[in-house]
1. So which helices (runs of 4 or more DSSP H) are wholly in the range 56-152 and hold at least 1 residues that are out of contact with any Lys or Arg (no Cβ under 7 Å at 6 or more places or on another chain) and under 17 Å from Ala368 (Cα atoms)?
2. Out of the residues in the range 33-55 that are without any contact (Cβ under 8 Å) to a residue 24 or more places away in the chain and in a helix (DSSP H, G or I), which is nearest to Ala153 (Cα to Cα)?
3. How many residues does the range 44-93 hold that are touching a Phe, Trp or Tyr at 6+ places or on another chain (Cβ under 8 Å), aliphatic (A, V, I, L, M) and at pLDDT below 95?
4. Considering only the range 481-536, state which residues are crowded, with 18+ Cβ neighbours inside 10 Å, over 16 Å from Pro462 (Cα atoms) and in contact (Cβ under 8 Å) with a residue 40 or more places away in the chain.
5. Please determine, by comparing only the residues of the range 425-442 that are touching a residue at least 40 places away in the same chain (Cβ under 8 Å) and not β-branched (Val, Ile, Thr), which one is surrounded by the most Cβ atoms within 10 Å (Cβ to Cβ).
6. From the set of residues in the range 289-317 that are surrounded by 18 or more Cβ atoms within 10 Å (Cβ to Cβ) and among the hydrophobic types (A, V, I, L, M, F, W, C), which is farthest from Thr267 (Cα to Cα)?
Amino acid sequence: MRALRHGIEEAFRRQAQGTLAPVALLALACLAAYGGSLANGFVLDDHQAILDNPLVMDPGRALEAFSHRWQVDSDAYRVYRPLTTITLALQRALHGPQAPWFHAGNLLLHLGACLAVLALGRVLWPDRRLAALLGALLFAVHPLHSDAVSSIANRSEVLATTFSILAFLAFRRWLLGGRRPFLLATSVAWFAGLLAKESAGPLLVFTGLWLLPRDHRGRPLGPAIGGFLAAFLPSLAAAIALRIHALGGTIDPGPLHYFAGVPWGTTIWTWLSIMGRYLWLMVVPHPLSTDYSYESIPLVSSPWDLGAAWGVLALGAVLAATPWLLTRDDPDRRSAGWALAWTAVFLLPATHLVPLMIPMAERLAYGASVGVHLLGGLGLAWVWHARRRTAPVLVMGLLLLLAAATAIRDRDWRDDRTIAMATLRVFPRNALMWANLGMARAREGDGPGAVLAMHRAIEIAPAKWEFRLALARLLHDSGLHQDEADVLFNGLAFVPRTEDRLARTCEAYREVRPTLAPEDCRGRLLQRQHPLSGPP
């Protein structure tokens, strides 16, 4: 045991002080955690983002991503990710629709993000390179990041985080007296992050706070603020202009907003419970889920709810500890405060202060967790230097345990059936995953199983018209036209009776009774009467 301890300690000391050795160590960590993803296929949003996206299928149209929404054929989702689309198009042009190569691309992008985290850690703790390395290793192997790395389409979070860190590092270099090209690099990197995903936006707040302390600057405050505005405002204006051109708006998801129509009190308590979950999962990655749909995150109407109470405590602790640490004389404590500030600021996109279409998603914590994991690296380095006999072995054991947990969880992204079943083990009332399971069974030729899964999805979420349409198609293909029509008719009790829904329902009933006149069918539906209740 003593020889093992000395061997690990000496190896890490050398690698932490070197340049290439940490790169190799982080590469091994990423490979250990996500190497199995090379055997995974396309799941969930990968189908729309890669296999069915005309801008990715035809590389010659990739630049059209700047003027189109993320899912080109969907008017419902007001999402803008042109840089992410372009990376997918470039990969498809190189190797075709081969899932292993796309997963390899995500693995390399994650490694790039880990190297950026390492560089950020060395800025925060310049005299504690072991802490920076351990923090980057925590970030590399933490299971919470599986949603961003194992899902090909979610590489947008990885890109946004990497470019945010690079932009900050470039601006810091200019702030300390660097030349103007560092300002240009800041602007370009942050612009790229915004075009990858909106998650890069909070860097504006963090960098604005960073330039205030005198010891962070080699320039007077006035010129520093001028450089800050020159670096960030053009990128922000350009990103907003492109987004408005492509979407006709900025961040408003319309009626798809999770808290649309919800009382403000319920919104606040639910939001606090979600924040508590994010902070918990950054430290203790359990329980994790590949999807958090509406039924998985219930609305909270009382401050006495356990989730809301935990959210108040956790978020309150972060917000209280951050300014306290930033005002300490000890450099390590101040750096810990900046790490917490990074997490607090980069959680903003997940707070629903920015309107979201989903209640929660682990991928939204990818960039925010950087601060927590760098802080964890500082803690592990403190344990390491405690000189206890088992300290290096315990630290290595923790990293290996996290890597193994991530490798096991990465297998959930093998295919749509597997990821649906994995989610339903955590959240049995996740209607979206029941629907995805139904479609996966349908693709496998299991018609009865597909119908059962879709019925379960509708039982949980009766107002989801798209689920009813999917079930109607399955019943139609099975020749069960009466059941198809009744599924649609029953759904009209939960949704507005729009012309397209009335027409689709009447189309199904006319397959049951060809003599049924469309006008008569439509009139009966508007009067909430069954179309076949009259004489044939």
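1. Qualifying helices (runs of 4 or more DSSP H): 99-124, 129-141, 146-149.
2. Within the range 33-55, the subset without any contact (Cβ under 8 Å) to a residue 24 or more places away in the chain is 47, 52, 54.
Still in the running and in a helix (DSSP H, G or I): 47, 54.
Working: His47: 9, Pro54: 15 Å.
Across the range 33-55, the extreme among qualifying residues is His47.
3. Residues flagged as touching a Phe, Trp or Tyr at 6+ places or on another chain (Cβ under 8 Å), aliphatic (A, V, I, L, M) and at pLDDT below 95 within the range 44-93 amount to 4.
4. Pro531
5. Kept after step one, since they are touching a residue at least 40 places away in the same chain (Cβ under 8 Å), are these residues of the range 425-442: 426-427, 429-433, 436.
Filter again for not β-branched (Val, Ile, Thr), leaving 427, 429-433, 436.
Details: Phe427: 19, Arg429: 16, Asn430: 25, Ala431: 21, Leu432: 24, Met433: 32, Asn436: 25.
Step by step, filter the range 425-442, then rank; the result is Met433.
6. Going through the qualifying residues, I end up with Ala314.
The values are calculated or read from the model by the stated rules, or taken from the named source; none is laboratory data. In this text the structure is predicted, and so the values were computed from the model without any measurement. Glycine gets a Cβ as well: all are built from the backbone with ideal geometry, and neighbour counts include every protein chain shown.
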